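Worksheet for the structure shown next.
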Amino acid sequence: MNVSDLRLNIGKFGSIRAGEKGYRKTVNGILKDMDTRGTVWFVDNEGYGYAFKSADVDFFEQKDFEPLPDKYNSEGGRVYLKETNKEVDLKK
């Protein structure tokens, strides 16, 4: 992607695919900032930060942040099934 396209998406939530050859990553999060050299700063949903060269970014796709479905309950960063009160890992 080019620098001007990435600048338009600063502060937006979405999915990015970037990295050097053999080390490509696709992560969801927020495109936080971009410096004057074109380095993209991206923070994923778990709070980990990434720095990518703009030339190494394959795509950034803006997404809407979706709330939890009604069958789940959330307390203190943990997700539970409402029916059984068992903790659920949403990544699986």
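The values are calculated or read from the model by the stated rules, or taken from the named source; none is laboratory data. Not measured: the values here are computed from a predicted model. Cβ atoms come from the backbone with ideal geometry, glycine included; neighbour counts cover every protein chain shown. Heavy atoms of the whole protein, side chains included, go into the accessibility calculation; ligands, DNA and RNA do not. Shrake-Rupley method; radii C 1.70, N 1.55, O 1.52, S 1.80 Å.
Structural remarks
- Residue count, the range 33-53 (criterion: within 10 Å of the chain's Cα centre (by Cα), modelled with pLDDT of 90 or more and of a type in the set (D, E, K, R)): 1
- Within the range 54-69, restricting attention to residues that are open to solvent by 100 Å² or more (accessible area, probe 1.4 Å) and either aliphatic (A, V, I, L, M) or modelled with pLDDT under 85 (or both), the residue that is farthest from Tyr23 (Cα to Cα) is Pro67.
- Close pairs from the range 73-91: first on the phi < 0 side of the Ramachandran plot, partner aliphatic (A, V, I, L, M) and surrounded by fewer than 10 Cβ atoms within 10 Å (Cβ to Cβ), Cβ under 8 Å, at least 6 apart: Val79/Leu90
- Test: Arg37 is of a type in the set (Lys, Arg) and surrounded by 10 or more Cβ atoms within 10 Å (Cβ to Cβ): no
- Only one entry of Lys53, Lys21, Lys25 meets the criterion of being farther than 28 Å from Asp89 by Cβ and touching a strand residue (DSSP E or B) at 6+ places or on another chain (Cβ under 7 Å), and that entry is Lys53.
- Selection count, the range 31-88, where residues are more than 17 Å from Ile10 (Cβ to Cβ), touching a Ser or Thr at 6+ places or on another chain (Cβ under 9 Å) and part of a loop (DSSP other than H, G, I, E, B): 1
- Considering residues of the range 5-30 that are open to solvent by less than 50 Å² (accessible area, probe 1.4 Å) and not in a loop (DSSP other than H, G, I, E, B) only, the residue nearest to Gly77 (Cα to Cα): Gly29
- Comparison of Asn45, Asn28 shows that the only residue that is touching a residue at least 24 places away in the same chain (Cβ under 8 Å) and of a type in the set (S, T, N, Q) is Asn28.
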